[in-house]
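Structure first, commentary second.
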Amino acid sequence: MQEGTEIEILDILTKINDNTWEVPKSYKPFMRVPGRIFVSETLLHDLDKGTINQIANVASLPGIQKYSMAMPDVHLGYGFPIGGVAAFDKEEGVISPGGVGFDINCGVRLIRTNLHKEDVRPHMKELVGELFRAVPSGVGSKSRIRVSDSELDDAFTHGSRWAVESGYGVKADVEHCEGRGCIEGADPSKVSEKARSRGKPQIGTLGSGNHFLEVQYVDEIYDSKVASSFGLEEGQVTVMIHCGSRGAGHQICSDYLRVLLQAVKKYGIDLPSKQLACAPAQSPEAQDYFKAMACAANYAWVNRQVITHWTREVFERFFGRDMDDLGMDLVYDVAHNVAKLEEHIIDGMKKEVYVHRKGATRAFPPGHHDLPDAYKAVGQPVLIPGSMGTPSYVLHGTEAGMGVAFGSACHGAGRVMSRGHAKHEFFGKRVKENLEARGITVKATRPSVIAEEAPGAYKSSSEVVDVVHNLEIAKKVARVLPMGVAKG
């Protein structure tokens, strides 16, 4: 941020505490509620006026509750900022594709193992090569499996359960996914033929961009009790999978943006930006989008489940040990880009709201009914991936986070420069060499992918996580460091 711009931004914001800043309703005449940005003074330097304007724009939408919120990894997005959280009244509010994003249920899952880092590190180059071959990646990559139309409908409708029942995993995997790996009410008839044709050949593919399959190890434990509940211990090897709904989700978002742009006119909704295209939550247009969005979210859980199955197979072959011996249990799987109907306490009353999380992670507290029995005492695992070559974090949800941010936390490090800028700033070959000098093996479809995802293109994951930890939105449990990364 340039100095003049920083002064201008400080003139806009009101400091609430060291990690919370408010965009007052007076900033824009159309704002129905204030904005709240959860960011440290250090991360404030990466904030730009365009992002603040997007936070203000979201605050204009009908039925918005409490605040238009932004997590510490916030940056400019389509309509809503990436890192945005907003909740809308079930009856009086709206549903907006811009509050979910194009990569519906881009998300991340963490798999624990019984392996120690010293078991794996000497073989990292060969292991990453095997994973890269086993899991198709890159733009337009196609799956090793083929599904029929009826199987695609089942994947859209039932999510993780369909994948496990089709032989790609175990029953416990379903229990350890957010919402058990499925949003109810998905309706494949609301998905266009073009979206179906894009999704049909891509189940079990990693995609491109910031998606990855990473072999890591637990470097530090912050809360031994919660870590034990999650099955984590220092020095242990873990695997993190980060990907989403591929072409199906992108097409569903594109299709319904056109529908909802027309709905804005039909229902006479005044918007500061057409990128906020939306419709009243109970309208046919909004409900059709929600049912199609649920299909894409369920598809993404299937996608990560199939990749998990193939990852386990690679580890079994590579180390010559069976799954019971390897102990490759799914810790948890969380969605980053999704809208859900949830019950929250607002102004002392229970209320059903459509919570939009775009580049934000659900972070439910101990005792919540939607958590697996194994985690009810400690709260939901919250998984925050770092950028390539930087730490990732495991946290747990808190009761405080429900009141502060509708049970939401950040989703990653957050970009500070566009992919185009990164490709001009960094050279993929040099980034790879620097990572390998630090003991991190990277394999990608092409050098430009590595340049786009260079660590310098992102904020510090540690700084971002410290904000949500200090606000007690979610509390730190463990830090994991990368040893090998397969990218698209």
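Observations on the model:
- Across region 3-99, C-alpha contacts under 8 Å between residues 6 or more apart give a mean separation that, scaled by the residue count, equals a relative contact order of 22 percent.
- FRET E, pair Phe427, Arg133, Förster distance 25 Å, beta-carbon r, rounded to 0.05: 0.45
- Potential lengthening of the chain between Arg438 and Glu472 amounts to 9.0 nm, from the contour at 0.36 nm per residue minus the alpha-carbon distance.
- Answer label for Rg and Dmax of the Cα atoms in Å (calculated), chosen among (i) 31.9, 122; (ii) 21.6, 75; (iii) 21.1, 65: (iii)
- The length gained on full extension between Asp11 and Asp119, counted as 0.36 nm times the residue separation minus their Cα-Cα distance, comes to 33.5 nm.
- Against the main long axis of the alpha-carbon atoms of the chain, helix 284-319 sits at an angle near 20°.
- Calculated [θ] (222 nm, deg cm²/dmol) that DSSP helices of n ≥ 4 give over the chain, each run adding -39,500 (n - 2.57): -10500 deg cm²/dmol
- Principal-axis tilt of helix 428-437 within the chain, Cα atoms, nearest 10 degrees: 60
- Three-way shape call for region 332-421 based on the alpha-carbon gyration tensor, with the a/c threshold at 1.5: oblate
- Region 3-99: antiparallel DSSP beta bridges as a percent of all, rounded to 5: 80
- Cβ crowding within 10 Å, taken as a proxy for footprinting-reagent exposure, orders Cys253, Cys410 from fewest neighbours to most as Cys253, Cys410.
- Classification of region 3-99 by its C-alpha gyration tensor yields a prolate form. The axis ratio a/c (a ≥ b ≥ c) is 1.5 or more, and a/b outweighs b/c.
- Coil-residue GluC sites (Glu not before Pro) of region 22-130, DSSP, other Cβ within 10 Å capped at 13: Glu91, Glu92
- Taking 22 Å as the limit for the C-alpha separation, the pairs Lys225/Lys476; Lys117/Lys443; Lys28/Lys459; Lys66/Lys340 exceed it in the case of Lys28/Lys459.
- Estimated inter-spin distance, Glu316 and Glu126, nm [label 7 Å along Cα→Cβ]: 2.0
- Cα-based helix-to-principal-axis angle, 246-266 vs the chain, degrees rounded to 10: 10
We did not get these values from a lab; they are worked out from the coordinates using the rules stated. This structure is a prediction, so every number in the text was calculated from the model and none was measured. Neighbour counts run over all protein chains shown; Cβ positions are idealised from the backbone, glycine included.
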